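Working notes, beginning with the structure itself.
The values are calculated or read from the model by the stated rules, or taken from the named source; none is laboratory data. Remember, it's a predicted structure, so these values are computed and weren't measured experimentally. Glycine also receives a Cβ, built like all others from the backbone with ideal geometry; neighbour counts cover every protein chain displayed. Only protein heavy atoms, including side chains, enter the accessible area calculation; ligands, DNA and RNA are left aside. Shrake-Rupley method; radii C 1.70, N 1.55, O 1.52, S 1.80 Å.
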Amino acid sequence: MVNAKTRSVRVVLGTGGTIAGRAADAADNVGYVAGEVGVGDLLQAVPPLQGLSLEWEQVAQIDSKDMGLAVWKRLAERVAHHLARDEVQGVVITHGTDTLEETAWFLQTVLGPQKPVVMTCAMRPASALVPDGPQNLLDAVIVAGCPGLSGVVAVAAGSIHSAAHVSKVHSYRVEAFDSGDAGPMGSVEEGEIRWFQPLPAPIRVSAVARLKAVLTAPALPGVALVVSHADADGRVVLGLLALNGMEKEPRTRGIVVACTGNGTLHADLAGALEQAHANGVKVVRATRCARGRVVPHAGDRFADSAGLSPVKARLSLSLSLLPDWH
Ligand code: SIN
């Protein structure tokens, strides 16, 4: 019988990204190929990890700009499998930085893990003069061993972020992630975790039903992401509606708008969205501001994203449209 004290195994799942990237020149932090180095080799390159009870599995080997349902299905299934093992304390996922926040939100929404699932990444390839991946990987394994932590978090550059709030905010620097107004949950320094906020209570979702809904879906329901901006004209939305009119199974079932400020829309785009709404397409407003959320107001024409960023709101709306989603 394995109890919480003997839950010593941490499983590291590799999906690719810059953390597994390789460049021909060690001084080149831009011209590299993501997803080249196997996760086993990444672990080997971190001496303090040797001797820990670690298992690893290569789930995918991609540049995360190409992330999609096929890899998400495999990942969700493997995460669920390992979390269900009594001896597993937590799971670490190595991932590209570009869509890390979407995968984090996907896994949190689908699985609502009751143990830690820690996503990590790097801004510099494994071949760099000073790679950031090894430290991030070590920190992530430490966080995955934290008793009392549940849910999906991201660990990078010494900070711990929640899946709900994390987003990539810099295109190049090692400190590329931020949690907006919420701030990071904590930090990892020299192997010590410091929590800035009380650990959140585990969030329970209908994980078995949600996982089944995802695994049996041939594709995720189509939800487009459009931006309201100066001189917007709504033609993208009208184009999507025209395509819907030509398809036997209309592909676009929802639209998330990255709105100006507190959820406002260019009048011409708003007109097109009214048409979409009248055609049964669900419309959700998020804000394109880097900080803050759409603060709802009585009489709002379209729902708001409940604080989710545009890309996470898009994912949530898409998942909610799956058949048998609870
Ligand atoms: C990727 O997202 O896979 C490439 C970029 C990165 O990891 O920084």
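Scanning the stretch 129-143 for residues that are more than 17 Å from residue 55 (Cα to Cα) and in a helix (DSSP H, G or I) turns up 133, 135, 136. Among the residues of the stretch 279-295, those that are under 21 Å from residue 245 (Cβ atoms) and part of a loop (DSSP other than H, G, I, E, B) comprise 279, 280, 281.
Give me the residue from the stretch 83-102 that is within 12 Å of the ligand (Cβ to nearest atom) and of a type in the set (D, E, K, R) and, out of that set, least open to solvent (accessible area, probe 1.4 Å). Top of the filtered list is 101.
The C-beta contact set for the stretch 66-86 (first residue within 12 Å of residue 107 (Cβ to Cβ), second residue surrounded by fewer than 16 Cβ atoms within 10 Å (Cβ to Cβ) and at pLDDT 95 or above, distance under 7 angstrom, 6+ apart or interchain) comprises 73/215; 77/215; 78/57.
Is it the case that some residue within the stretch 15-33 is modelled with pLDDT of 95 or more, more than 15 Å from the ligand (Cβ to nearest atom) and either buried (at least 16 other Cβ atoms within 10 Å of the Cβ) or farther than 14 Å from residue 124 by Cβ (or both)? Checking the stretch 15-33: not a single residue is modelled with pLDDT of 95 or more, more than 15 Å from the ligand (Cβ to nearest atom) and either buried (at least 16 other Cβ atoms within 10 Å of the Cβ) or farther than 14 Å from residue 124 by Cβ (or both).
Where helices (runs of 4 or more DSSP H) sit wholly within the stretch 1-113, those with at least 1 residues that are closer than 25 Å to residue 129 by Cα, touching a strand residue (DSSP E or B) at 6+ places or on another chain (Cβ under 7 Å) and outside the structural domain of residue 314 (by TED's automatic domain parsing) occupy 39-44, 100-111.
Out of 143, 153, I need the residue that is under 28 Å from residue 285 (Cα atoms) and more than 16 Å from the ligand (Cβ to nearest atom). Which one? Walk me through how you get there before you give the answer.
Working: 143 fails: under 28 Å from residue 285 (Cα atoms).
Only one candidate passes the filter, namely 153.
Residues satisfying the criterion are present in the stretch 117-130 (criterion: more than 24 Å from residue 30 (Cα to Cα) and modelled with pLDDT of 95 or more). Restricting 272, 298, 242, 276 to those that are part of a helix (DSSP H, G or I), without any contact (Cβ under 8 Å) to a residue 24 or more places away in the chain and among the aliphatic types (A, V, I, L, M) reduces the list to 242.
Here is the figure for the stretch 245-269: residues that are touching a residue at least 24 places away in the same chain (Cβ under 8 Å) and of a type in the set (Asp, Glu) total 1.
Of the residues 122, 126, the single one that is open to solvent by less than 20 Å² (accessible area, probe 1.4 Å), within 16 Å of the ligand (Cβ to nearest atom), closer than 20 Å to residue 56 by Cβ and in a loop (DSSP other than H, G, I, E, B) is 122.
Does at least one position in the stretch 203-221 carry a residue that is part of a strand (DSSP E or B), over 22 Å from residue 84 (Cβ atoms) and not hydrophobic (A, V, I, L, M, F, W, C)? Looking for residues that are part of a strand (DSSP E or B), over 22 Å from residue 84 (Cβ atoms) and not hydrophobic (A, V, I, L, M, F, W, C), one finds none in the stretch 203-221, hence no. Number of residues in the stretch 57-73 that are touching a Ser or Thr at 6+ places or on another chain (Cβ under 9 Å) and away from the ligand (no atom under 16 Å from the Cβ): the value is 0.
Among the residues making up the stretch 103-114, those that are more than 11 Å from the ligand (Cβ to nearest atom) and surrounded by 20 or more Cβ atoms within 10 Å (Cβ to Cβ) are 104, 105, 106, 107, 108, 109, 110, 111, 113.
Test residue 98 against the criterion of being of a type in the set (D, E, K, R) and in contact (Cβ under 8 Å) with a residue 12 or more places away in the chain, and give yes or no. First the steps, then the outcome.
Values: of a type in the set (D, E, K, R): yes; in contact (Cβ under 8 Å) with a residue 12 or more places away in the chain: yes.
The answer is yes for residue 98.
Does residue 281 meet the test of being in the same structural domain as residue 238 (by TED's automatic domain parsing), surrounded by 15 or more Cβ atoms within 10 Å (Cβ to Cβ) and aliphatic (A, V, I, L, M)? Yes; evaluated as a whole, the condition is true for this residue.
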